[in-house]
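All remarks here apply to the structure that follows.
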Protein chains: 2
Amino acid sequence: MYEEQGYLVVPDQFSPSETEALLRESGQLSQLDIPQRILERDGEQVRSVYAVHQLSDTFERFTRDSRNLEPARTLLDSEVYIHQTQLNPKAPFQGDVWEWHQDYLYWQRDDGMALPRALNVSVFLDEVTEFNGPIFVMPGSHKLALDDQTVTRGHGWENTLTADIRHKVTPDMLRQLAMRLGLVSIKGKPGTTLIFDGRLLHCSPPNLSGNPRTVIFTRYNSVDNPLRPIENPRPEWLASRDPVPLTALAHAFSAELPDSDRDQALAESGR
Amino acid sequence: MYEEQGYLVVPDQFSPSETEALLRESGQLSQLDIPQRILERDGEQVRSVYAVHQLSDTFERFTRDSRNLEPARTLLDSEVYIHQTQLNPKAPFQGDVWEWHQDYLYWQRDDGMALPRALNVSVFLDEVTEFNGPIFVMPGSHKLALDDQTVTRGHGWENTLTADIRHKVTPDMLRQLAMRLGLVSIKGKPGTTLIFDGRLLHCSPPNLSGNPRTVIFTRYNSVDNPLRPIENPRPEWLASRDPVPLTALAHAFSAELPDSDRDQALAESGR
């Protein structure tokens, strides 16, 4: 499935109490007035918070949770490190569109990533429905290098983060691919995991519902595929240049245990 | 159903050859560089063409076709005239969002319509899917006067036509209503008719597919409910001030007949 289609959906990966704990943490992080927080076009609602694994112990443990990390290691067939994390709360009635794009075009051109040996593990913290910004994908598009079919707009890294995206695949090519590959809409309950290849074409309509649509994206890269030096690199919080292999934690942030008990339990389990 | 929910979906109202004929005519009209044609934010793709019943014989007959006109007369329980027609081609990858709104707020405030005795008969000329801009509705919202829960932006009629809409219901009220009433997504094959009350809250996500999503909207008003004089009225092509009752035509633009034969057939049938 993953090799052919470029994505994989796993329901019920995280429990309701776990997604609730992550949502509480998301709410806290969204209130920080820091560069890692990007606003929507309206200048008010939070579009994204990046590098949440550096800002929060909970998210740091989450990114090393074996349910996230092991699939990444298995599918990339190597040790991995975190290239980027992004929290995307997609506010009710305000959360804006993400146009069709391949993440890897950004990682390659703006960050100096050599090969498409990176992937995206995204976890739905709210229910994702047809109304609040499902994730549309083109199955099989991860096999395509689209470098010659793109239009790049603007200078500087700031415009890699807004609704008016920077590296666009041309509408002609998108039309051909949509016809050939078809479209799939990914929806699911809180706790659902969507894993997808760094080159999978994906997009998301705006949130037109009364409920938020919070998704946490962790982008893992193979440690064998570190970033090369590049002129005007994006900041570390958008593209880590520290390819240290991650070690997995079992159910690292289980919400049933207070932090101290959990840390002790993990220590005793020898992890 | 219509009385309780505020909308009604009727599949297969028009045949494939009929919707194809209307699509050909739509393509012609979209090429006219006239004030009635409104472009998307990108300044290139056509967002809407208004008053198509004045610009095209085919659409004029279409608006009097008994399949459109009779439901309008029955549901409004009176003779009707055309307040407005709008062609909305929603171009592949470019067709933009329409936020939640009640049409009647515009007709009342910008056009001087006295009562919500008007409705919308929309016909899908392309297939409407979850990917190309389905129409979301809040069932039952047509019973609500929301005058006190709105924010109005800007001056002049031009900004009643763009993606950044003019009369917005407040997010707080929308959230309450979405929770209470729920959301329904209207999709369907070409030839499907969606009839909805002028006060039904509706919206539509952008077209993220490779196919156009052309819908023709005819807004009928009761002849007992003509527009009152108003300062700075919108142009006639947006809001007709000529409440002449329409007479129905049976299958008025049947695509099987060339125009001349059809006109003769209609004449012979005494219509």
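The values are calculated or read from the model by the stated rules, or taken from the named source; none is laboratory data. Source: prediction; values computed, not measured. No Cβ is skipped: glycine too gets one built from the backbone with ideal geometry, and neighbour counts run over all protein chains shown. The protein model used for the area step is the full one, side chains on, heavy atoms only, and it has no ligands, DNA or RNA in it. Shrake-Rupley method; radii C 1.70, N 1.55, O 1.52, S 1.80 Å.
You will find that of B:GLU158, B:GLU130, the residue that is open to solvent by 40 Å² or more (accessible area, probe 1.4 Å), at pLDDT 95 or above and more than 16 Å from the chain's Cα centre (by Cα) is B:GLU130 and no other.
Here is a yes/no grid of residues against (1) among the hydrophobic types (A, V, I, L, M, F, W, C); (2) away from chain A (no Cβ under 14 Å); (3) open to solvent by 10 Å² or more (accessible area, probe 1.4 Å); (4) more than 15 Å from the chain's Cα centre (by Cα):
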position: B:ASP57; (1), (2), (3), (4): no, yes, yes, yes
position: B:GLU70; (1), (2), (3), (4): no, yes, yes, yes
position: B:PRO89; (1), (2), (3), (4): no, yes, yes, no
position: B:GLY95; (1), (2), (3), (4): no, no, no, yes
position: B:TRP98; (1), (2), (3), (4): yes, no, yes, no
position: B:TYR106; (1), (2), (3), (4): no, yes, yes, no
position: B:ALA114; (1), (2), (3), (4): yes, yes, yes, yes
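Give the range B:4-53 a look and list any residue that's part of a loop (DSSP other than H, G, I, E, B) and of a type in the set (Gly, Ala, Ser), or say none.
Here is the first cut: in the range B:4-53, the residues part of a loop (DSSP other than H, G, I, E, B) are B:6, B:11-15, B:31-36, B:40-45, B:51.
B:GLY6, B:SER15, B:GLY43, B:ALA51, listed by residue number.
Listed by first and then second residue, the pairs linking a residue in the range B:187-213 that is under 23 Å from B:ARG24 (Cα atoms) to a residue that is open to solvent by less than 10 Å² (accessible area, probe 1.4 Å) and among the polar types (S, T, N, Q), with Cβ atoms under 6 Å apart and 6 or more places separating them unless they lie on different chains, are B:PRO190/B:THR19; B:GLY191/B:THR19; B:LEU194/B:SER122; B:ASN207/B:ASN132; B:SER209/B:ASN132; B:ASN211/B:ASN132; B:ARG213/B:ASN132; B:ARG213/B:ASN207.
Which number in (1) in a strand (DSSP E or B); (2) surrounded by fewer than 20 Cβ atoms within 10 Å (Cβ to Cβ) marks the one condition that B:ARG61 misses? Going through the list (1) in a strand (DSSP E or B); (2) surrounded by fewer than 20 Cβ atoms within 10 Å (Cβ to Cβ), B:ARG61 breaks only (1).
In the range B:28-41, the count of residues that are in contact with a helix residue (DSSP H, G or I) (Cβ under 9 Å, 6 or more places away or on another chain) and crowded, with 20+ Cβ neighbours inside 10 Å is one or more. The residues of the range B:162-219 that are open to solvent by 10 Å² or more (accessible area, probe 1.4 Å) and aromatic (Phe, Trp, Tyr) amount to a single one, B:PHE217. Number of residues in the range A:189-236 that are acidic (Asp, Glu) and closer than 22 Å to A:TRP98 by Cβ equals 1.
Considering the range A:169-203 alone, what residues qualify as being among the hydroxyl-bearing types (Ser, Thr, Tyr) and within 20 Å of the chain's Cα centre (by Cα)?
As a first pass, look at the range A:169-203 and keep what is among the hydroxyl-bearing types (Ser, Thr, Tyr): A:170, A:185, A:192-193.
A:SER185, A:THR192, A:THR193 - these are the residues of the range A:169-203 that are among the hydroxyl-bearing types (Ser, Thr, Tyr) and within 20 Å of the chain's Cα centre (by Cα).
One residue stands out in the range B:133-142 among those that are buried (at least 21 other Cβ atoms within 10 Å of the Cβ) and small (Gly, Ala, Ser): the one that is nearest to the other protein chains (Cβ to nearest Cβ), namely B:GLY133.
Can you pull out the strands (runs of 3 or more DSSP E) entirely within the range B:173-256 that have at least 3 residues that are within 25 Å of B:PRO71 (Cβ to Cβ) and within 14 Å of another protein chain (Cβ to nearest Cβ)? Lay out the reasoning, then the answer.
On the way: elements: B:184-186, B:193-197, B:202-204, B:215-222.
Correct list: B:184-186, B:202-204.
Applying the selection to the range A:13-27, what residues are within 18 Å of A:ARG213 (Cβ to Cβ) and surrounded by fewer than 16 Cβ atoms within 10 Å (Cβ to Cβ)? Answer for the range A:13-27, where residues must be within 18 Å of A:ARG213 (Cβ to Cβ) and surrounded by fewer than 16 Cβ atoms within 10 Å (Cβ to Cβ): A:PRO16, A:GLU20, A:ARG24, A:GLY27. Of all residues in the range A:42-55, count the ones that are open to solvent by 60 Å² or more (accessible area, probe 1.4 Å) and in contact with a strand residue (DSSP E or B) (Cβ under 7 Å, 6 or more places away or on another chain). Within the range A:42-55, residues that are open to solvent by 60 Å² or more (accessible area, probe 1.4 Å) and in contact with a strand residue (DSSP E or B) (Cβ under 7 Å, 6 or more places away or on another chain) number 1.
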